[in-house]
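One structure is given below, encoded as structure tokens.
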Amino acid sequence: MKLKNSLASSTDKRDVSDLLDVNIGYLVWFTLTWGLGTWHCTFALAGNTNTTTIFEAKFGWDKDEAIFYNTIISTSAILGLSVGSFLGASLLQYGRRRTAIIAHCMAIFGSCLSMVGTTPFLSIGRLFLGLAAGTANVVFGKMITETMPEKEASLFAMAHNAAICIGFIVAFGLAAFLPDPDDVEANKEDEYWRLIYIFPAFVGLVEILLVLFVYRLEPVSYCIMTGRDEEGKAHMAKVYRKKDPNTPETIEQILDMQYTFMKKSTTMDASSTSFKKAVCGAKYAKGTWVCFFINMFN
């Protein structure tokens, strides 16, 4: 017992991740769940592409009107996506999971507004879907980087782009239900366009249920930053496994040592950084604007 206590005492201030293996199965399902939320981004970017000729026929737009109104509907989503990225960063301080739920509620609300089927409601609905998309993108990054070890985080972070690409396949695949673009009468009578516009609501509903009943723990680093130690350790127990079953320490002891080390190496104010601080604060402003312009011109 003395030997075990001595070993624990000597390691509680250093990284003991070499005594742990990651639970790849859990991380895969974890990533797939949060990656599904990025489909809001896909439908915000591509959803209106499939329905252009339908709205032209339904609303009787001429060529110039079609360009004008379709631009408004599409731009509303892009505007929401841009604003949502900043909004999501500001909401994160209230909890990653709570921010995700807010994002999915906005997606559901926006999708339902679009069901009215008029240009103003389509535009407002797309705006809310864009807000949801921008926020969900921010949440995905945080859930990955704050839960997984650095090596695994860099690997699984690539799933963000993969999820969006798969979402494009789904969004464009739904166009198979739409009539031939050259059939004006069929386009006037078509109601299958609603499937494309309501689809993000189904995604949002599934995500909310998963967040509430399956993935009920905040990311490990966020728990450290906010003092939710029991929740953080509980989540670590899902992420890690004991590498060598013959070592004298239990998995609980090893996780406790690793958690103590992580507390010493985590920036404690990151969870409470407000939008104003991120954009204008001396500590964060330079990095924020550099990243903004890099992405703007990428």
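The values are calculated or read from the model by the stated rules, or taken from the named source; none is laboratory data. A quick note: this is a predicted structure, and the numbers were derived from the prediction, not measured. Note: ideal-geometry Cβ built from the backbone for every residue, glycine included; neighbour counts use all protein chains shown.
Listing for the model above:
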| item | result |
| --- | --- |
| Candidates 142, 151, filtered to the one that is crowded, with 20+ Cβ neighbours inside 10 Å and within 30 Å of residue 15 (Cα to Cα) | 142 |
| Test: residue 162 is small (Gly, Ala, Ser) and either closer than 20 Å to residue 205 by Cβ or buried (at least 19 other Cβ atoms within 10 Å of the Cβ) (or both) | no |
| Entirely in the range 134-240, the helices (runs of 4 or more DSSP H) that have 3 or more residues that are under 29 Å from residue 80 (Cβ atoms), in the same structural domain as residue 111 (by TED's automatic domain parsing) and among the hydrophobic types (A, V, I, L, M, F, W, C) | 159-173, 193-213 |
| Flag if residue 150 is within 17 Å of the chain's Cα centre (by Cα) and acidic (Asp, Glu) | no |
| Options 190, 180, 229; residue that is over 21 Å from residue 99 (Cβ atoms), exposed (fewer than 15 other Cβ atoms within 10 Å of the Cβ), in contact (Cβ under 8 Å) with a residue 24 or more places away in the chain and of a type in the set (Asp, Glu) | 229 |
